[in-house]
Amino acid sequence: MSSEKMKILEMIQEGKLTAAEGMDLLKAIEEGSYTEEEFKSPLQGGRFLRVRVVGEKTLRVNVNVPLSLIRSASKLIVYALSFVPSEKRAELEQKGLDLQALDVESLVRIIEESVDGKIVDVEVADPLEGRIKVEVCVE
Amino acid sequence: MWNKSALMLMVRVELPNRRCLKIPVSVWVVDEFLEALTDLAWLGEMVLRCVPIPSEKSGSYRYVRRIKAVSAKGIIAGVHNMIKDLRKYRGLDVVDVETGDVKVKISLR
């Protein structure tokens with residue numbers, strides 16, 4: 001039995017995949033529609049930047065972005081920053097944020113190499129939502 | 001081709017009154033589209049090189065300079081890399097937002 005199939009069976013046993021999901025994956029491997037590169041559950045391997053916002057009433061935000069995706073998007077972010085109008089750029093500079101000096105690629109590399117665990121853990125009171133808990137972490 | 005299980009980026013928006021909007025975006029189709037667009041972008045860049053920059057007094061000066069400074073091929077390559085990366089994360093819920101009656105979910109299926 002191939003290592004991919006064994007891995008799927010293990011993941012079903014550990015409850016990381018449902019039996020139906022496992023069946024789909026096994027079928028896809030047999031049909032050859034998965035390459036080894038593509039066979040990777042989001043639950044295994046790879047690090048994520050996770051943002052969670054939970055309010056007391058209805059607000060619930062859950063964002064999971066793979067760090068590798070942020071790395072490949074960093075070049076696009078640099079491009080996007082070049083489109084910020086000069087007036088807004090000057091406005092941000094007055095507030096202490098120099099967009100030209102912002103090295104997004106290095107920032108992503110630093111996050112990848114040295115950050116692990118919670119970066120932000122804040123609790124604020126909102127008149128509409130009540131208590132809002134904000135968490136940003138790399139795991 | 002059609003019997004392969006394609007990776008889909010599912011955008012699901014639930015609005016008040018139980019209205020639900022589901023937009024499936026095939027990652028494979030976007031990938032192929034970008035592949036095809038790369039040559040066109042290269043052609044566009046070549047054409048743009050021939051466009052003269054208007055004088056500084058002209059209103060279009062800033063826009064033409066900005067467009068010339070951006071490499072369409074570079075942007076496409078960046079998006080292409082992101083798509084390649086996405087392929088590794090089948091089953092991932094990228095965004096899940098719930099506020100009041102509105103729910104937005106973006107996931108890879």
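The values are calculated or read from the model by the stated rules, or taken from the named source; none is laboratory data. Keep in mind that what you see is a predicted model, and the values were worked out from it rather than measured. All Cβ positions, even for glycine, are placed from backbone atoms using ideal geometry, and neighbour counts span all protein chains on display.
Summary of values
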item: Checklist (1) at pLDDT 85 or above; (2) in a helix (DSSP H, G or I) applied to B:Val25, failing item; result: (2)
item: Residues of region B:87-109 that turn out to be surrounded by 16 or more Cβ atoms within 10 Å (Cβ to Cβ), farther than 15 Å from A:Val51 by Cβ, facing chain A (nearest Cβ under 7 Å) and not basic (Lys, Arg), as a count; result: 2
item: Which numbered condition B:Glu32 fails, given (1) out of contact with any helix residue (DSSP H, G or I) (no Cβ under 8 Å at 6 or more places or on another chain); (2) outside any helix (DSSP H, G or I); result: (2)
item: Filter result (free of Cβ contacts under 8 Å to residues at least 24 places away in the same chain and either within 15 Å of B:Glu32 (Cα to Cα) or not in a helix (DSSP H, G or I) (or both)) within region B:67-84; result: B:Val70, B:Gly78, B:Asn81, B:Met82
item: Within region A:89-122, tally of residues that are outside any loop (DSSP other than H, G, I, E, B) and within 14 Å of another protein chain (Cβ to nearest Cβ); result: 5
item: Residue in region A:33-41 that is at pLDDT 75 or above and more than 7 Å from chain B (Cβ to nearest Cβ) present; result: no
item: Residues (at pLDDT below 85, under 18 Å from B:Asp96 (Cα atoms) and loosely packed, with under 15 Cβ neighbours inside 10 Å) located in region A:42-91; result: A:Leu43, A:Lys57, A:Thr58
